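Trainee: Got a structure here, written out as C-alpha cells. Questions coming.
The values are calculated or read from the model by the stated rules, or taken from the named source; none is laboratory data. Computed from a predicted structure; not experimentally measured. A quick note on method: Cβ atoms are made from the backbone with ideal geometry, for glycine too, and the neighbour counts reach across all protein chains shown.
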Amino acid sequence: MPYVHLEATPTQPPLCIRYEATGEPNAPHTLVCIHELGGALDTYQELARRLAPTCRVIAFDQRGAGLSEHPIAAFTLGDLVADIERLVRKLEITTPFHLMGLAMGAVTAVTYATLHSDRLRSLILCDGTGEILPAASRYIKDRANMVRQMGMRAVVDESFMNSFKGILDANTDPRWQAYRCRFLSNSPMSYAMHSDALAEAHLDDASLQSIACPTLVMTGVDDFIWPPKIGRRLAERIPGATFRILEGAAHFPPVQAPDAVVQEVEALFASIDRCSESGTSAVRDQLA
C-alpha cells in the first residue's frame, strides 16, 4: 500500500500517511473513508471491493493509527479534520467527493462537513454522534488513562463486546477475531490521544445546520455504544439528512454488514446522479 507525505503547515506537523485507493481514478464517484477509534484502513476493504466497479474508494490510516506515522504530540479533532483536507489536496482530488466516517470517524467527518461542505458531493455517517455528553467524555478519558497505564489488553474485552454486541458468531468467526487482534495491536499512547480528542468533541446546532450536501446517516440495529436513537437524533440535526437502520450490524457496519452498507451507498449515489441529470437537488425525496 502506498504512502503520501503531508508537508508541514504553520499549524500542522509533517505526516507520513498510509492509504489505499481502490477502483479507477476516472470512476464517476470518489469516496474518502475515515476509520473508527482503534481501527485502520482495513475496516473499508470489503466495502471498497464491492464499490470498485463504479467508485474510487480512498481509505487511509489517520495520524497515530495503523501504519501511518505516530506523532508523540497530542492532537485534537480539528487536527484530524485538517489532515483530511491536506490528504485530499495532496492526492489532487479537485472535484467534489463523497466523505464517509465510521464511529469516531463519523464525528471527524461531520466536523469536516461543517467547515468544507462545498467540497462534498455527499456526507455518509455510520454509527456516529453529534455530541459527547459530559458523562461519556469522562468515561472516554478514564479509558484513555487506563490504556496509557496498562496497555490495550486492559480494554479489549469490553471494547470488543460492546462493538460486536448482537453479532452471534463474534467469538468464533475468524474475521471478528482478526479485528480483535488488530485492535490489540494499536499503540496505547496513540489510542489514548485519539480518545482524548474524541472526548472533547462537540458540535452545536448552528454548525450542523450549515451542512449543505446530501447526507446519509446509518446505524447498526444492535449498536450498543451509539444506538439508533443517537443516529436518528444526529440526522434530525442536519438539514435534509436521511436516516437508515442497518440489520445484521452493531457498531461497525462496514465490517459487520458490508452488503447492507453498499446497498445504501449505491442508492445515495444513484439519487445524486439522477438529480444531476435532471438539474434538481432533492436527493432526500428520492431516498425516502
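Trainee: Can you report the number of residues in the stretch 20-40 which are out of contact with any Leu (no Cβ under 9 Å at 6 or more places or on another chain) and closer than 30 Å to Ala154 by Cβ?
Mentor: 1
Trainee: Conditions: (1) touching a helix residue (DSSP H, G or I) at 6+ places or on another chain (Cβ under 7 Å); (2) closer than 23 Å to Gly38 by Cβ; (3) free of Cβ contacts under 8 Å to residues at least 60 places away in the same chain; (4) surrounded by fewer than 22 Cβ atoms within 10 Å (Cβ to Cβ). Pro228 meets all but one. Number of the miss?
Mentor: (1)
Trainee: A follow-up question, please. List the residue pairs whose Cβ atoms are under 8 Å apart, where the first residue sits in the stretch 263-288 and is closer than 30 Å to Ala249 by Cα, the second is of a type in the set (D, E, K, R) and modelled with pLDDT of 95 or more, and the two are 6 or more positions apart or on different chains.
Mentor: So the pair list comes out as Glu264/Arg244; Ile272/Arg121.
Trainee: I've got another one for you. Mind checking which pairs have a first residue in the stretch 151-173 that is within 20 Å of Gly128 (Cα to Cα) and a second that is at pLDDT below 95, Cβ under 7 Å, 6 or more apart or different chains?
Mentor: Sorted first by the residue in the stretch 151-173, then by its partner, the pairs are Phe160/Arg180; Phe164/Ala170; Phe164/Trp176; Ile167/Trp176.
Trainee: Quick one: would you say Arg89 is buried (at least 19 other Cβ atoms within 10 Å of the Cβ), of a type in the set (D, E, K, R) and under 19 Å from Pro25 (Cα atoms)?
Mentor: So Arg89 does not fit the description; no.
Trainee: Would the stretch 58-79 turn up any residue that is surrounded by 16 or more Cβ atoms within 10 Å (Cβ to Cβ), in a helix (DSSP H, G or I) and in contact (Cβ under 8 Å) with a residue 60 or more places away in the chain?
Mentor: Yes - at least one qualifying residue is present in the stretch 58-79.
Trainee: To continue, here is another question. Any residue at all in the stretch 120-133 that's among the acidic types (Asp, Glu) and in contact with a Leu (Cβ under 9 Å, 6 or more places away or on another chain)?
Mentor: There is at least one residue in the stretch 120-133 that is among the acidic types (Asp, Glu) and in contact with a Leu (Cβ under 9 Å, 6 or more places away or on another chain).
Trainee: Taking Tyr19 as the residue in question, decide whether it is more than 20 Å from Arg175 (Cα to Cα), buried (at least 19 other Cβ atoms within 10 Å of the Cβ), in contact with a strand residue (DSSP E or B) (Cβ under 6 Å, 6 or more places away or on another chain) and at pLDDT 95 or above.
Mentor: So Tyr19 passes the test.
Trainee: Would you check which residues across the stretch 34-65 are touching a Ser or Thr at 6+ places or on another chain (Cβ under 9 Å), closer than 21 Å to Met189 by Cβ and not hydrophobic (A, V, I, L, M, F, W, C) and list them?
Mentor: His35, Glu36, Gly38, Asp61, Gln62, Arg63, Gly64
Trainee: Still on this structure, please answer the following. Checking Ile93 against (1) touching a helix residue (DSSP H, G or I) at 6+ places or on another chain (Cβ under 7 Å); (2) among the hydrophobic types (A, V, I, L, M, F, W, C); (3) outside any helix (DSSP H, G or I), which test does it fail?
Mentor: Of everything listed in (1) touching a helix residue (DSSP H, G or I) at 6+ places or on another chain (Cβ under 7 Å); (2) among the hydrophobic types (A, V, I, L, M, F, W, C); (3) outside any helix (DSSP H, G or I), Ile93 misses just condition (1).
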